[in-house]
Amino acid sequence: MTIIKPRKNSNLIKTEKLLEEIIVEELNNKQIENTLLQDIEIYDVKFETLKMTNVEITNSKLEKNTFTDIRFENCNFSNTSFENSIFIRCEFKNCKMTGCNFIEARLYNVTFTETNLNYANLST
């Protein structure tokens with residue numbers, strides 16, 4: 001089986017302000033770096049063509065979101081819920097996802113490389 005990798009876009013706009021960038025329930029074509037957020041809640045947002053590096057979002061709820069063509073590198077999402085979210089062509093590289101909740105999430109062409117998924121819940 002061949003897994004399709006995220007589409008690359010060399011025209012990403014660099015930002016470190018994730019929450020301020022979410023406008024009208026969308027976030028597109030951004031490179032997000034060095035962001036630390038805890039205990040946040042984001043629902044029904046479409047995230048498309050992003051590169052997230054050194055992003056830490058812990059003890060949070062990122063539920064009912066759609067993530068398409070995203071590369072996550074060196075990110076920490078420990079104890080974060082992605083319940084009922086959709087992941088399409090996403091790549092997690094060297095991430096910490098201990099205790100993440102993926103209940104009822106749909107994952108299409110998603111790879112986890114050198115990623116810690118201890119205690120993650122992938123139930124349907």
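The values are calculated or read from the model by the stated rules, or taken from the named source; none is laboratory data. Please read these numbers as outputs of a predicted model, since none were measured by experiment. Glycine also receives a Cβ, built like all others from the backbone with ideal geometry; neighbour counts cover every protein chain displayed. Side chains are part of the model used for accessible areas, which takes the heavy atoms of the whole protein and leaves out ligands, DNA and RNA. Shrake-Rupley method; radii C 1.70, N 1.55, O 1.52, S 1.80 Å.
The rows are residues; the columns are (1) surrounded by 15 or more Cβ atoms within 10 Å (Cβ to Cβ); (2) closer than 23 Å to Ile4 by Cα; (3) out of contact with any Ser or Thr (no Cβ under 7 Å at 6 or more places or on another chain).
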{"position": "Thr35", "(1), (2), (3)": "yes, no, yes"}
{"position": "Gln38", "(1), (2), (3)": "no, no, no"}
{"position": "Val45", "(1), (2), (3)": "yes, yes, yes"}
{"position": "Leu50", "(1), (2), (3)": "yes, yes, yes"}
{"position": "Leu62", "(1), (2), (3)": "yes, no, no"}
{"position": "Asn76", "(1), (2), (3)": "yes, no, no"}
{"position": "Arg89", "(1), (2), (3)": "yes, yes, no"}
{"position": "Phe102", "(1), (2), (3)": "yes, yes, yes"}
{"position": "Tyr108", "(1), (2), (3)": "no, yes, yes"}
message = Can you confirm whether Thr80 is open to solvent by 10 Å² or more (accessible area, probe 1.4 Å), touching a Leu at 6+ places or on another chain (Cβ under 9 Å), of a type in the set (S, T, N, Q) and within 19 Å of Asn116 (Cβ to Cβ)?
response = no
query = Which of the residues that make up the stretch 8-33 are closer than 23 Å to Asn84 by Cα, assigned to a loop (DSSP other than H, G, I, E, B) and open to solvent by 100 Å² or more (accessible area, probe 1.4 Å)?
reply = Val24, Glu25
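Looking at the stretch 91-100, which of its residues are of a type outside the set (Phe, Trp, Tyr) and open to solvent by less than 70 Å² (accessible area, probe 1.4 Å)? Before you say what the answer is, go through the steps one by one.
Residues of the stretch 91-100 that are of a type outside the set (Phe, Trp, Tyr), as a first pass: 91, 93-100.
Of everything in the stretch 91-100, those that are of a type outside the set (Phe, Trp, Tyr) and open to solvent by less than 70 Å² (accessible area, probe 1.4 Å) turn out to be Glu91, Cys95, Met97, Thr98, Gly99, Cys100.
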request  = Name the residue, out of Glu73, Glu41, Glu48, Glu63, that is among the acidic types (Asp, Glu) and under 14 Å from Lys96 (Cβ atoms).
outcome  = Glu73
key: Residues located in the stretch 110-120, provided they are surrounded by 14 or more Cβ atoms within 10 Å (Cβ to Cβ) and more than 20 Å from Asp69 (Cα to Cα)   = Asn116, Leu117, Ala120
